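Please treat every number below as a calculation from the coordinates, not as lab data. Computed from a predicted structure; not experimentally measured. Cβ sites come from the backbone with ideal geometry, for glycine too, and all protein chains shown count toward neighbours.
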Amino acid sequence: MDKIELKNLLFLARISAKENEYPEIIKKLENTFELIDEMQDLDLSDLEPLNNPLELSNVTRIDKDKNRNDKKKFLDNSPESDEDYFNVPKIIE
Amino acid sequence: MNFKQQRDNFRAKKISAVEAVEESLRKIKDDQLNIFINHFEQEALSNARHIDNNFDDFIAKPLSGVPIAHKDIFCTEGLPTTCGSKMLENFIPPYDSTVVKNCLDAGSIMVAKTNMDEFAMGSSNETSYFGAVSNPWNHDLVPGGSSGGAAACVSANLTTISTGTDTGGSIRQPAALCGITGLKPTYGLVSRWGMIAFCSSMDQAGPFSRDAFGCAALLDAMASYDEKDSTSTKRQDTNFEESLSKNFGSLKVGVIKNIQELDISEDVINAYETSKTVLSGLGHKLVEVDFSELSSGICSYYVIAPAECSSNLSRFDGVKYGYRSKGEKDIANLYMNTRSDGFGDEVKKRILIGTHVLSAGFYDAYYLQAQKVRRMIKLKFENFFKDVDLIFMPTTLDQAFEKNRKSDDPNRMYKEDLLTIPANLAGLPAISFPNGFKNNLPIAGQLIGKYFAEDLLLNTTNKIQEVTDWHKMTP
Amino acid sequence: MAQNDTLIKGWQPVIGLEVHVQLMTNTKLFSPAKNQFGEDANTLVDLIDLGLPGVLPVLNEGAMKQGIKFGLATNAKIAETMIFDRKNYFYPDLPKGYQITQLHYPIVRDGVVEVNGKKIRIHQAHLEEDAGKSMHDKYDDKSVIDLNRSGVPLLEIVSEPDIRSASEAVNYLKKIHQIITYLDISDGNMSQGSMRCDANVSIMKPEDKEFGTRAEIKNINSFKFVEKAINFEIKRQIKILEANGTVEQETRLYDSIKDETRSMRTKEFANDYRYFPCPDLVPTNITEELIESVKENMDELPEEKQDRFMNSYNLNEYDAGVICADKETANFFEKVVENADVQLAAKWIIGDLNALLNKHDMDLQESKIDAENFSELIQKITDNTISGKIAKEVLEEMWNTGAKVSEVIDSKGMQQISDAGELENIIEIILNENTDQVNAYKSGKDKLFGFFVGQVMKATQGKANPGLVNELLKKKLS
């Protein structure tokens, strides 16, 4: 993994790190990649991936509303808000 | 004192709920092992009073009058839920998790929330923002993780029951290192509603207690079908406590062929061999099982778990709740600084790994491949279970280790999940129970069962605990 | 691939549309919060929509049925198994930091709609959750977030790049609009955002084998702007290519005030959405039984209704087409003809009523005209209570005040005079007063017949029954 790849990864994850920390981070990540790369030798081409271990299907809910209004609770519990909205620094599009 | 005694005392009116809670809180306030993140004196006493005042309503409930500690990963309405992280240090959920609600309805009284590895990522309870937890048997050693606090709590007799979660071994491994019994149920048996997600397709909540009985009663309380959780499964009306006295007869138990080839310590192997004798003595038939191909489970786990966690933790952005980095002037910095400050190193590392393995160009080689390994492991177990009813193996490779352990192998801690991970990947139930003692430290064995065989696991463990004393040892 | 009548300066525009449609369901896609427009900010937010730690999604079966309806209406393949994926990216109005959508296993695939005789293929339609809203005008240094819309069910309809002009794009959009409103899948309101459209536009030379680089145009919120935005973009791309430049693959925003498209601020790194199946949800197998039950409970499609109207009501194709163009009008018609003459009703709806609606730029719903009242109007014409001419005045009054037909007729004394005796007397008087014209008529000036009719009408303030007047006059003058 090179610095540019790490920079991209950090951005995708919205995590920051100083340039001088990059080598250490890359080393840590590469150690883990070494571990997980061991499964590359396995030929599993005839197997379907398994997402849900019990392979459940068809779970749905009836289209009926619960009529809850927790506006005040949610806004009060937030890091920054006014009477009606969550507040964040200005977003420039 | 174990859970059954404590509950019997309440039911026989020998000790009130309030007295039990006061006793527990006394010990909690004296705790030197950093087991707890928060405790709730007022609420617990008020709750206990309510139970005492409505004795008749609660006498028959599975957890009647018994204090309980919940891993701080379960949302508790109106009370802090930190998940061991700075990100949620002051987070007060506006709702209860199903597990907490179920335990409350079952008559237990929550006295505290236990310390844990941050966002359930770790095997030693050293990554918590609130500091490491000490093993009750030896304070220089780790209790295991991520449910280290919950295991230590029961081990040190601060409560007789506690709840934990197990994604790669986080109930079974701390149970093993602390000398208590811990069970990871079949995936879907216990609702994940309100349980802060780490790896959604493997996370399962489960019980800790000294013995199978306590675990059975707690599981009876915890497990329920929940329509708010799409991955929840129906319970099939099993009463685990009642199942303890059933007679399942002689079972075929798979044991590990060539255990010497795995990196397991002498002491653990010896305890394992002793247990095999106990199992035979109980009338079970031992059948050798080849475990070698299950070792690729570690690779699969350390792709899938980081992948899902990288996505699950994206919601922590400082916008709606939790920690927010102060004084940020633009949104980009808000995200970056909130997440960089709010998360610890292990969490950040796993998020980066997860982000990488899901990236374009790497998805097939990593994520897809890992899911195929998972399929392979599930099929292997299906095969095993054609010939055996249960599989018996050690829980950990070694006993409790020192805090801040240095190792030449940077992946050592990950590799130590070798024996617990396969059950998580396949979603199978598994129980860890004490089966030995050496170097003044406990050793444990693990039974893995077919889907929804918790009754068989608990029953078999119970039978073992009727003829052994390991589970009775206290630090 | 080229359609000669759509070439512009020798270039072939190629257009694909992505239409996001908010589904009309009671609740959101994965949470039981109410799915409603226009409420106070942050009052329609469930724990799940806020993305709190520990919350989990559960699929709304109503939303799934809406998707199946759309698939049936467009002759599409309905998925045997549909799977939801997570699309991961950060934005303040996306609470979980990912959107639950469908990438590889959408609910609907390979549909087709017919637009003016041309088939336009639908690549797929998939279910996904809407994001909340972020707004930037309230404060100088802050933006605000409203999560009411977070989690609202969307059906994203992606066409193949089969469209060849801006006007064809508008017609396609109108067709989609007709389908979704007909089937009560959505109210298709572009100005309120329940139907949103992005256009993928590229141009190529007719002889080229491959499509050109396409630009995605966003922020188009009316049918009119769809046409303008696409036309601008086509011209912009032609200009670039004619100057030997290259069109960039990018996202552009349409500015309706300046009538131009503008490049969005390019991000430093491309966004990798890292799709993977959502582990909190399980696959859904859509059975034949489910599809059948949706079909049975589904309202008629426009074409079906048109056919039925032609058959049951004996309407001609044109009339049936106009009446069935929107569901409201069709329903209105059916109610009206429960008690009134079909052909007359059709004539009046297509003619006078439509004229009023267009003049005042209103929908039928918004007007004061209701079906029962209108039906009575037609009945009163049929039974000769009023003449057609008077009926126009009555309709005008109904439009303005919503008054009942019988009230209007009575209060203004508009009843038609159909009494033969009464009319004969009036005719007598008219003919006696106009003997010169009578003689002129009798000696061959046939055109004067109209004069006599007009005089009778004048004398009766237009209330004389025209047919009867004709009949009696003819008799008297023969």
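Residues whose amide H comes within less than 5 Å of that of B:Thr181, counting only those at least five positions distant or on another chain, are B:Ser209, B:Arg210, B:Asp211 (H built at 1.01 Å from N in the peptide plane).
Applying Stokes-Einstein at 20 °C and 1.002 mPa s to the Kirkwood radius of chain B, computed over alpha-carbon pairs, gives a translational diffusion coefficient of 97 µm² s⁻¹.
When only the Cβ of Lys, Arg, Asp and Glu is charged (+1, +1, -1, -1), the dipole of chain B relative to its Cα centre reaches about 380 debye.
Note that the range C:272-282 has calculated 3J(HN,Hα) couplings of 9, 7, 6, 4, 7, x, 5, x, 8, 10, 10 Hz, one per residue in order, obtained from phi through the Karplus relation 6.51 cos²θ - 1.76 cosθ + 1.60 (θ = phi - 60°); glycine and proline are x. When Rg and the Kirkwood radius Rh are both evaluated on Cα atoms of the range C:334-478, their ratio Rg/Rh stands at 1.08. Computed over the range B:113-167, the range of Cα coordinates on each principal axis works out to 25, 24, 17 Å, biggest value leading.
Size estimate for the range C:373-459 follows the Kirkwood approach: the inverse of mean 1/r over distinct Cα pairs works out to 14.8 Å. For the range B:178-285, the number of Lys pairs separated by eight or more positions or lying on different chains, with C-alpha atoms closer than 19 Å, is 7. Ordering B:Val18, B:Gln5, B:Gln32 by Cα displacement along the dipole of the range B:3-44 toward the positive end leaves B:Gln5 in first place; charges were set at the Cβ atoms of Lys, Arg (+1) and Asp, Glu (-1). When the range C:4-292 is described by a simple charge dipole with +1 on each Lys and Arg Cβ and -1 on each Asp and Glu Cβ, the residue from C:Asn221, C:Ile122, C:Leu290 located farthest towards its positive end is C:Asn221. With N counted as the residues of the range C:156-285, its alpha-carbon radius of gyration over 2.2 N^0.38 Å works out to 1.22.
If eta is 1.306 mPa s and T is 10 °C, what Stokes-Einstein diffusion coefficient results for the range C:301-411, Kirkwood Rh from Cα pairs, in µm²/s? Using the Kirkwood radius from Cα pairs, D works out to 113 µm²/s.
The DSSP beta bridges internal to the range C:4-292 are antiparallel in roughly 95% of cases. With each label modelled as a point 7 angstrom along the Cα→C-beta vector, the B:Glu242-C:Glu39 pair spans 4.3 nm. Taking Lys and Arg as +1 and Asp and Glu as -1, the other residues whose beta-carbon sits under 13 Å from that of B:Ser146 total -4. For chain B, the relative contact order comes to 18 percent (Cα pairs under 8 Å, sequence separation of at least 6). Near the amide H of B:Ile161, within less than 5 Å, lie the amide hydrogens of B:Ala69, all on another chain or at least 5 residues away, with H placed in the peptide plane. The ranking of C:Ile323, A:Ile26, C:Ile369 from fewest to most other beta carbons within 10 Å of each one's beta carbon is A:Ile26, C:Ile369, C:Ile323. Measuring against 31 Å, Cα to Cα, the residue pairs A:Lys73/C:Lys69; B:Lys101/C:Lys34; B:Lys101/B:Lys450; C:Lys119/C:Lys258; A:Lys27/C:Lys142; A:Lys28/B:Lys86 contain A:Lys73/C:Lys69; C:Lys119/C:Lys258; A:Lys27/C:Lys142 as the ones spanning a longer distance. The phi-based Karplus calculation (6.51 cos²θ - 1.76 cosθ + 1.60; θ = phi - 60°) puts the 3J(HN,Hα) values of the range B:389-400 at 8, 9, 10, 10, 8, x, 8, 10, 6, 7, 7, 4 Hz, whole numbers, x for Gly and Pro. Here the translational diffusion coefficient of the range A:1-40 follows from Stokes-Einstein with Rh set to the Kirkwood radius across Cα pairs; for 4 °C and 1.567 mPa s it amounts to 121 µm²/s.
The H on the amide N of C:Gln416, modeled in the peptide plane, is under 5 Å from the matching H of C:Ile386, C:Ser387, each at least 5 residues off or on a different chain. Distance from the C-alpha centroid of the range C:1-29 to that of the range C:163-199: 9 Å, rounded to the whole angstrom. Would you please classify the overall shape of the range B:147-220 from the alpha carbon gyration tensor, given that a ≥ b ≥ c denote the square roots of the eigenvalues, rounded means a/c under 1.5, and beyond that prolate means a/b larger than b/c while oblate covers the rest? The shape class here is prolate. Using the alpha carbons alone, the radius of gyration of the range B:45-154 stands to its Kirkwood radius in an Rg to Rh ratio of 1.03. The chymotrypsin sites (Phe, Trp or Tyr not before Pro) of the range C:271-324 include none that meets both conditions, a loop assignment by DSSP and at most 13 other Cβ atoms within 10 Å of the site Cβ. Taken one residue at a time, the phi angles of the range B:14-30 give Karplus couplings (6.51, -1.76, 1.60, θ = phi - 60°) of 6, 9, 7, 4, 4, 5, 4, 5, 4, 4, 4, 5, 4, 5, 4, 5, 8 Hz. Gly and Pro are set to x. Each principal axis of the Cα cloud of the range C:420-477 was taken in turn, and the coordinate range along them, longest first, works out to 29, 19, 18 Å.
Ranking C:Ile68, B:Cys178, A:Ile15 by how far each Cα lies toward the positive end of the dipole of the protein assembly as shown (charges on Cβ) leaves A:Ile15 at the top. Entry for the protein assembly as shown at q = 0.06, 0.10 Å⁻¹: log10 I(q)/I(0) = -0.57, -1.19, Debye formula applied to identical alpha-carbon scatterers, no solvent contribution.
If you take all other residues with their beta carbon under 13 Å from the beta carbon of B:Lys472, and give Lys and Arg +1 and Asp and Glu -1, the sum is -1.
Shielding by partners for peptide C:15-27, expressed as the average number of C-beta atoms from other protein chains within 10 Å of each residue's C-beta, is 1. Summing charges over neighbours of B:Ala132, with a neighbour being any other residue whose Cβ is under 12 Å away from its Cβ, gives -3 when K and R count +1 and D and E count -1.
Work out which helices of chain C, taken as complete DSSP H runs, extend at least 27 Å along their axis over the Cα atoms and score a mean Kyte-Doolittle of -0.5 or more, then list them. For chain C, where a helix must reach 27 Å along its axis and average at least -0.5, the hits are C:223-242. Among the lysines of the range C:420-477, pairs at least eight places apart or on separate chains and with Cα atoms under 13 Å apart come to 4.
Set the Cα radius of gyration of chain C against 2.2 N^0.38 Å, with N its number of residues, and you get 1.30. Estimated from helices alone, the mean residue ellipticity of chain C at 222 nm is -11500 deg cm²/dmol (sum of -39500 (n - 2.57) over DSSP H runs with n ≥ 4, per residue). Rounded to the nearest 20, the size of the Cβ-charge dipole of the protein assembly as shown about its Cα centre is 580 debye, with Lys and Arg at +1 and Asp and Glu at -1. Within the same chain, lysines fewer than 8 places from C:Lys359 are excluded, and of the rest, those with a Cα less than 19 Å from its Cα are C:Lys224, C:Lys347, C:Lys368, C:Lys392.
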